[in-house]
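Here's the structure we're looking at; comments come further down.
The values are calculated or read from the model by the stated rules, or taken from the named source; none is laboratory data. A quick note: this is a predicted structure, and the numbers were derived from the prediction, not measured. Using ideal geometry, Cβ is built from the backbone for each residue, glycine included, and neighbour counts are taken over all protein chains shown.
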Amino acid sequence: MVRILVFCINAHENLEFTKGLSAVDEPDIWARSLDDQLLLWIDVGEPSAERIKKASRIAKQVKVYSFNRKSGPWWEQGRNKFAQLKASFYRFEWESIQALAALYQRSMQLSVTITGNSAYIATGLGECEVAWVPLRA
């Protein structure tokens, strides 16, 4: 659900989901140009500084969206290393992500409205708001 939300936040003509966890050398989401240049690399979770450094060498823009309980400690431990990297970092509040996950169904339709740094998600099971905080944009 977080990958879908991040896809919506970054909606772009060439934006695509990658193979996900089965492809460790790929981000969760990317955008490639028509001549196959990597324009945007998006990781969802808490990647290592080395992974982000590698991504920033091969992509024109790198974004990281963290979202779980260890997001705070991950950011604090890596802050100095992350400051040296050409990447943008964002964090979702864990409680909001849990509310979003509660809306999941195997077959579903959803509506996403984005305003500023908040997304309003509505499904057949209900609705929730998920906000994100730029850690370093």
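A few remarks follow.
- A single member of Ser22, Ser71 is at negative phi, modelled with pLDDT under 95 and buried (at least 19 other Cβ atoms within 10 Å of the Cβ), and it is Ser71.
- Taken as a whole, the structure leaves Tyr104 outside the set of residues that are under 16 Å from Arg136 (Cα atoms) and either surrounded by fewer than 11 Cβ atoms within 10 Å (Cβ to Cβ) or among the hydroxyl-bearing types (Ser, Thr, Tyr) (or both).
- Within the range 92-128, tally of residues that are of a type in the set (S, T, N, Q), closer than 16 Å to Val6 by Cβ and within 16 Å of the chain's Cα centre (by Cα): 3
- Residues (among the small types (Gly, Ala, Ser) and either modelled with pLDDT under 95 or in contact with a helix residue (DSSP H, G or I) (Cβ under 6 Å, 6 or more places away or on another chain) (or both)) located in the range 74-95: Gly78, Ala83, Ala87
- Selection over the range 9-19 of residues that are more than 26 Å from Gly116 (Cα to Cα) and either buried (at least 17 other Cβ atoms within 10 Å of the Cβ) or at pLDDT 95 or above (or both) gives a count of 0.
- Those helices (runs of 4 or more DSSP H) of the range 1-112 in which 3 or more residues are more than 21 Å from Gly126 (Cβ to Cβ) and in contact (Cβ under 8 Å) with a residue 24 or more places away in the chain occupy 49-58, 71-83.
- Selection of the range 75-89 for residues being surrounded by fewer than 20 Cβ atoms within 10 Å (Cβ to Cβ) and under 15 Å from the mean Cα position of the chain (by Cα) yields Trp75, Ser88.
- Residue within the range 120-132 that is of a type outside the set (Ser, Thr, Tyr), assigned to a loop (DSSP other than H, G, I, E, B) and modelled with pLDDT under 95 present: yes
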